[in-house]
Each structure stands twice: as C-alpha cells, then as structure tokens.
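Accompanying notes for the structure given below.
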Amino acid sequence: MVFFIGSLLSWFAIRISNSHRLASKMGDQYLQNRTLCVLVNDEQAAMASRMGKLMYSVSKNVPWESKCLTDALCVKWLLDRYKIPAVFYLGARINSDESIADAMQAHAWLSVGPFVVTGAPEHLDFQVVATFVSPTMEPPAS
C-alpha cells in the first residue's frame, strides 16, 4: 500500500512541480553528470533491492502511467525515510531511428551501493546527464 500511495504522490509531484522543486526531491546535492557509488551495508542493500522489486510490481498495476521517473522518486523518498543513501540519475540518449520529435529519450534510475534499484537494465543505454545525492545521509557503521 505504501508503494501504491508513493507512486501516486510521485506522479502528482512530477505534474505539478517545477524543475527546481522536483530536483530537490531527487537529492540534496546536484553533481553534474558524475557516476557515483554510495557506501551501504548488506542490510541496507537488501532492503533497497526489495523496495525496487516491490516498486516494479506495483508500477505495472496502477491505473496511472508509472514510468522510470515516478518509480525512482517513490523509492528515493522511501529510502530517505530509512536513512539509506542513494544516487539518483537522469540520463538521455538520441535514437536516430525515430522521428525528430521522438529522437531524444530520457530515463531515470536509482542506485544504492553498486546496485541499480530502479530503472535497470535500460539505464545501460543512456548517458548520465544529471546526478543527485543526499549528502546528509551518514555512511553505514562498519
């Protein structure tokens, strides 16, 4: 139920928020187009993986359009509640087979540690154009 409500809130946020407000939901710090990896322990990685799988299941069954950005925002907000650090990526690619209007495609994905939690495996086809992290998160205890 949490993922269903989170998906709905994410969907609304995407539609009513301006880009600056939406970017603040992706992370506290914008780091241009860097590829990063945050440190997490095994428990945090397992929880993030479960969240990603649940989000994937929920997003296929909601009555609204739930795509990569909606899924990544929802899981990011939940990870923040559990103090699990994550990296939020926005990517783009040019598809020369499409019409001019559809040539540029965008994608959003979320990683925790070395694992992509939402947006995989499609993320491999996109170049990173924006990276957001939450530096307020404390690294996990060893």
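Descriptive notes on the structure:
- Residues of the stretch 39-57 classified as free of Cβ contacts under 8 Å to residues at least 60 places away in the same chain and either under 17 Å from the mean Cα position of the chain (by Cα) or under 11 Å from Ala86 (Cβ atoms) (or both), total: 6
- Identity of the residue in the stretch 21-56, of a type in the set (Val, Ile, Thr) and open to solvent by less than 80 Å² (accessible area, probe 1.4 Å), that ends up modelled with the lowest pLDDT: Val38
- Residue match in the stretch 63-83 (condition: among the small types (Gly, Ala, Ser), modelled with pLDDT of 90 or more and open to solvent by 10 Å² or more (accessible area, probe 1.4 Å)): no
- Exactly one residue out of Ser59, Ser96 is of a type in the set (Ser, Thr, Tyr) and surrounded by fewer than 13 Cβ atoms within 10 Å (Cβ to Cβ): that is Ser96.
The values are calculated or read from the model by the stated rules, or taken from the named source; none is laboratory data. Keep in mind the model is a prediction, meaning the values are calculated, not measured. Virtual Cβ from ideal backbone geometry, glycine too; neighbours counted across all protein chains shown. Areas reflect the complete protein model, heavy atoms only, side chains present, ligands, DNA and RNA absent. Shrake-Rupley method; radii C 1.70, N 1.55, O 1.52, S 1.80 Å.
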